[in-house]
Amino acid sequence: MAPIPTFTFLRALQKVIIVLAAIIVLFSMYYKSFPSPTCHPPPKGLTKHTNTSMSTTTPSNLAATEKTNKPVVLLWFWPDGKKFDFKLCKDLNINSCHLTDDRSLYSKANAVVMFHRDIKDDLSNLPTTPRPKFQRWIWFNMDPPTRTRKIPGIEAFFNVTLNYRRDSDIPARWQLTVKKKIDDEFELPKKELLVCWIVNKTDLHTKTEARYSYYHELAKHVKVNIFDSSSAENSKGENYFITISKCKFFLSFEDSIHADYITETFNGPLSAGTVPIALGPPRANYENFFPSTSFIHINDFPDAFGLAEYLLKLDEDNEAYMKYFQWRRFYNVRRHFTEENQEFAHAVCQACRHIVLTNEYRVILDVYKWYLI
């Protein structure tokens, strides 16, 4: 057999090398583009920190926090001056960011939470340094539109909203969670009273809002047991839930009527094993968040007399009453924080969760046009 010419061998070898190189390049491109199932890359140029404590991050622990992968969320104001322990977020299974009130970390913060009610009219207490391109400013407001002060000049400041509304970027509300398996573990607390309400007793005789007017009409036909909200014995900590759990029904009357404005006054009885009687947005709005058979709505009846008749009937029909708790086989409900300084803790923790889950934000040209409707 004649020997293979050297140039023919070299050409064949060159082709093999080219093919192998192409395969390596294609594999490398595929590997780099393949999505990670567990995490998302942070914006370029970010320095991240870890959550260490409730208080300000100090120089001594700053070096340690820089070694972690947790984004920094800076609480610019303590809402209404109410300081809470950031460790409360861990109780909500949220430990994914470094929450801090240390303004020296402003330039490194992935997000800055600003409580609307604390912003001064002249904007003098807002950051004076330009916002870094990677940073998100979060407009934090839990007041309904009728109680939201309009501050000129901040219309286009923010690119994330933190609010009770469903269409906010970060909806801040206590939500039901689906159980991993259906069960029958719920045990109804012992009931001693029929209808209850925790409210400031002075307001009952001085205010004429819808909830007070309806109460006075309802009280003509059924006894409503009043517990004074100014007493910590009735409205704080475990005592709050013990008080409500003694009642078959609780007046979950909102102080303002706006879409999605359903507050802890509804979550309280729901989590305590009591049936809420809702006065607020329409029933359909409540059903966006809660099972239709978990509560009673005043609009289900033509007037307060009709509601009173129904409550008295349920008081005599335990089987019908217990149907209001069948939803507990499928859902879990969590007790909200009741201490005064913890009022805004849940919402701030949701901001931490959001920043980790997404790097997206929108341009808000006028926050008031979105909210004050």
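The values are calculated or read from the model by the stated rules, or taken from the named source; none is laboratory data. Remember, it's a predicted structure, so these values are computed and weren't measured experimentally. Positions of Cβ are backbone-derived with ideal geometry, glycine not excepted, and every protein chain shown enters the neighbour counts.
Quick notes on this structure:
- Check on Met114, closer than 20 Å to Tyr261 by Cα, at pLDDT 95 or above, of a type in the set (A, V, I, L, M) and not assigned by TED's automatic domain parsing to the domain that holds Trp327: no
- For region 282-319, the tally of residues that are assigned to a helix (DSSP H, G or I) and in contact with a Leu (Cβ under 7 Å, 6 or more places away or on another chain) stands at 7.
- For Trp174: the one exception among (1) surrounded by 21 or more Cβ atoms within 10 Å (Cβ to Cβ); (2) within 30 Å of Ile138 (Cβ to Cβ): (1)
- Qualifying residues in region 132-143 (those that are assigned to a loop (DSSP other than H, G, I, E, B) and crowded, with 20+ Cβ neighbours inside 10 Å) - the one farthest from the chain's Cα centre (by Cα): Gln135
- Test: residue in region 222-231 that is in contact (Cβ under 8 Å) with a residue 40 or more places away in the chain and farther than 21 Å from Leu176 by Cβ: yes
- Residue selected from region 301-319 under the condition touching a helix residue (DSSP H, G or I) at 6+ places or on another chain (Cβ under 7 Å) and within 21 Å of Ser213 (Cβ to Cβ), by the criterion surrounded by the most Cβ atoms within 10 Å (Cβ to Cβ): Leu307
- Scanning region 162-175 turns up one or more residues that are in a loop (DSSP other than H, G, I, E, B), modelled with pLDDT of 95 or more and touching a Phe, Trp or Tyr at 6+ places or on another chain (Cβ under 7 Å).
- When region 244-264 is filtered for residues that are free of Cβ contacts under 8 Å to residues at least 60 places away in the same chain, in contact with a strand residue (DSSP E or B) (Cβ under 9 Å, 6 or more places away or on another chain) and not hydrophobic (A, V, I, L, M, F, W, C), the ones remaining, listed by number, are Lys246, Ser252, Glu254.
A quick yes/no check of all residues on (1) β-branched (Val, Ile, Thr); (2) over 24 Å from the mean Cα position of the chain (by Cα); (3) over 27 Å from Ser229 (Cβ atoms):
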{"residue": "Leu307", "(1), (2), (3)": "no, yes, no"}
{"residue": "Gln326", "(1), (2), (3)": "no, yes, yes"}
{"residue": "Arg334", "(1), (2), (3)": "no, no, no"}
{"residue": "Glu339", "(1), (2), (3)": "no, no, no"}
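- Those residues of region 73-131 which are charged (D, E, K, R) and assigned to a loop (DSSP other than H, G, I, E, B), in sequence order: Lys82, Lys83, Asp85, Lys87, Asp101, Asp102, Lys120, Asp121, Asp122, Arg131
- Residue in region 219-229 that is within 21 Å of Glu343 (Cβ to Cβ), among the polar types (S, T, N, Q), under 25 Å from the mean Cα position of the chain (by Cα) and part of a loop (DSSP other than H, G, I, E, B) present: yes
- Search result, residues across region 320-340 that are exposed (fewer than 15 other Cβ atoms within 10 Å of the Cβ) and not in a loop (DSSP other than H, G, I, E, B): Ala320, Met322, Lys323, Gln326, Arg329, Asn332, Glu340
- Taking region 341-373 as the range and being in a helix (DSSP H, G or I), closer than 30 Å to Glu233 by Cα and touching a Phe, Trp or Tyr at 6+ places or on another chain (Cβ under 9 Å) as the test, the residues that pass are Asn341, Gln342, Ala345, His346, Ala347, Val348, Cys349.
- Filter result (in a helix (DSSP H, G or I) and surrounded by fewer than 21 Cβ atoms within 10 Å (Cβ to Cβ)) within region 265-281: Ser271, Ala272
- Pick from region 102-131, criterion of a type outside the set (Gly, Ala, Ser) and within 19 Å of Val356 (Cβ to Cβ), ranking: surrounded by the fewest Cβ atoms within 10 Å (Cβ to Cβ): Leu105
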